[in-house]
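Step one of this worksheet: look at the structure below.
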Amino acid sequence: MKLSVIGAGYVGLTTAACLAQVGHDVFCSESDVEKLSKLRNGVMPLFEPHLENVIEAVRKSGQLHFGSTEEAIAWGDAIFICVGTPPLPNGDADLSSIEGVARAIAKRATGYRLVIEKSTVPVQTGAQLSKHLSVHGTNGLKYDVASNPEFLREGTSVEDFLHPDRIVVGADSTRAADLLREIYEPIVKQRFTCPIHSNSQKRKDPVFLATDTNSAELIKHASNSFLAMKISFINMVANLCEAVGADITQVAHGMGLDPRIGPAFLNPGIGFGGFCFPKDVQAFIRIAEKSGCDFSLLKEVDRINQGRIERFVEQVRTELWVLRGKKIAVWGLAFKPNTDDVRFAPALSIIRRLQAEGAHIQAYDPQAMEKACKEISDITYCSDAYKAAHGVDAVLLLTEWEEFRNVDWSRLAALVERPLIIDGRNTLSREEVVANGFHYIGVGGVSATPKVTASFIGT
Ligand SMILES: NC(=O)c1ccc[n+]([C@@H]2O[C@H](COP(=O)([O-])OP(=O)(O)OC[C@H]3O[C@@H](n4cnc5c(N)ncnc54)[C@H](O)[C@@H]3O)[C@@H](O)[C@H]2O)c1
């Protein structure tokens, strides 16, 4: 099928590349001229594992094209809107980019189009979109509007798109639901050449869930808010562990063994960030308020999350006493590993706080330094973890990249001024770190020496 994708960010680029990979003819547009020029010249505007290879292959086979939004509107029978929906100061989702795209479709499209919102939007946005197309539509445009929320995670976006647990489509007409089923057929049946896995690696078929539009929109916000709630919950338990002398690693493990709870999202740390959870929680609170529903539960989730930054900075202060003039290494800037995305990254908030108290920051991240530099320019960016640790009073681990688990601790010990590691993600082997002469501090009562060695036999 001829498909269009509007917005070539983390979601749009993955959507366009993967839909081309499974056999569709895709046109992807981007309004940022620098990004578009990069894409047309085969240069990636963002880092995402496997995505570059997929894009290269589908461009070569002629199944993916990049260009303007006007061209994209003219191209596809179905148009996926994948533009950003950032937070407004009051927490509402800013839908101005969505509105801009809707206006352009209304003005330029002819015949029938299925307009699909893939961006994360508040419930009832589909209805607004539909009204907008009807009010501004010229050229006898006929259309359906559908919701197809995206659940991919940065860092594993290609894998998540091609092998999802579920594909949710919200449509209020049979025609729209049938078209979406047709678009996703190769993924639902897992019939395509996977660029990541060999054919012998059998994957579970995803669930294709068709709902009404409002419900699909709600599924996305409710899912993200629930996951955010799980993170804030475990962070609150981590605080309690610190207060009473328990170890959050053992507590979380014990909780996660219950299949009703599960181990995912029970990792305590410096809080959630990125372009989804913080803004989606805020937007969900606002929708509930406007609908007259009390969702103060989510306000607490947000409050606990924001408190993680101050709590971590306090931990650094407790160890280093005066921060003015101290040299501190920051390992990790991205909001999570395997991405270069620093939007709402807790690491950047922590750096700003430490800088405000006069500390000098030496930072390293395997992928995110270019983007971080646009946000914070007055710190020292280093080319590896060792250079960042040179002469420092403490090393702060703020993003759990695999390479930090594999550093040569004895080499590192010779470089630092003071052998202190504060692990904001509980990701390092505390025994190994301590064996190399470092003082180790983790989150939630995870200290240098575990009080009792946890026995995780059989898990
Ligand atoms: N990033 C994620 O992990 C993720 C996961 C699921 C859902 N989402 C949702 O998907 C949406 C997009 O997120 P993202 O991370 O890809 O954002 P992004 O900022 O990386 O990408 C959006 C892109 O759209 C472009 N754009 C804006 N207006 C345009 C227009 N009129 N024509 C063409 N391009 C236009 C922007 O320049 C930008 O490159 C958001 O609503 C987000 O909440 C994101």
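The values are calculated or read from the model by the stated rules, or taken from the named source; none is laboratory data. Since we're looking at a predicted model, the values are computed, not measured. All Cβ positions, glycine included, derive from the backbone under ideal geometry; neighbour counts span all protein chains shown. These area figures cover heavy atoms from the full protein model, side chains too; ligands, DNA and RNA do not enter into them. Shrake-Rupley method; radii C 1.70, N 1.55, O 1.52, S 1.80 Å.
The single condition among (1) within 22 Å of Phe335 (Cα to Cα); (2) among the charged types (D, E, K, R); (3) surrounded by fewer than 18 Cβ atoms within 10 Å (Cβ to Cβ) that Lys142 does not meet is (1).
Quick check: is even one residue across the range 285-308 aliphatic (A, V, I, L, M), open to solvent by 40 Å² or more (accessible area, probe 1.4 Å), touching a residue at least 24 places away in the same chain (Cβ under 8 Å) and under 30 Å from Gln124 (Cα atoms)? Yes; the residues of the range 285-308 include at least one that is aliphatic (A, V, I, L, M), open to solvent by 40 Å² or more (accessible area, probe 1.4 Å), touching a residue at least 24 places away in the same chain (Cβ under 8 Å) and under 30 Å from Gln124 (Cα atoms). Being out of contact with any strand residue (DSSP E or B) (no Cβ under 8 Å at 6 or more places or on another chain) and either farther than 28 Å from Leu129 by Cα or not in a loop (DSSP other than H, G, I, E, B) (or both): is that true of Ala57 here? Here the answer is yes, as Ala57 does meet what is asked. For the range 173-192, name all the residues that are of a type in the set (Ser, Thr, Tyr) and either surrounded by fewer than 18 Cβ atoms within 10 Å (Cβ to Cβ) or outside any helix (DSSP H, G or I) (or both). Result: Ser173, Thr174. Listed by first and then second residue, the pairs with beta-carbon distance under 6 Å, at least 6 apart or on different chains, first residue in the range 97-120 and within 12 Å of the ligand (Cβ to nearest atom), second among the hydroxyl-bearing types (Ser, Thr, Tyr), are Ala104/Thr69; Glu117/Ser147; Ser119/Thr85; Thr120/Thr85.
Only residues that are outside any loop (DSSP other than H, G, I, E, B), open to solvent by less than 40 Å² (accessible area, probe 1.4 Å) and more than 11 Å from Val395 (Cβ to Cβ) were counted in the range 414-436, giving 1. Could you say whether any residue in the range 66-77 is within 12 Å of the ligand (Cβ to nearest atom), surrounded by fewer than 18 Cβ atoms within 10 Å (Cβ to Cβ) and assigned to a helix (DSSP H, G or I)? Taking every residue of the range 66-77 in turn, at least one turns out to be within 12 Å of the ligand (Cβ to nearest atom), surrounded by fewer than 18 Cβ atoms within 10 Å (Cβ to Cβ) and assigned to a helix (DSSP H, G or I). For the range 323-354, the set of residues classified as assigned to a helix (DSSP H, G or I) and open to solvent by 50 Å² or more (accessible area, probe 1.4 Å) consists of Arg352, Arg353, listed by residue number. Against the numbered list (1) closer than 28 Å to Val251 by Cα; (2) free of Cβ contacts under 8 Å to residues at least 40 places away in the same chain, Leu420 comes up short only at (2).
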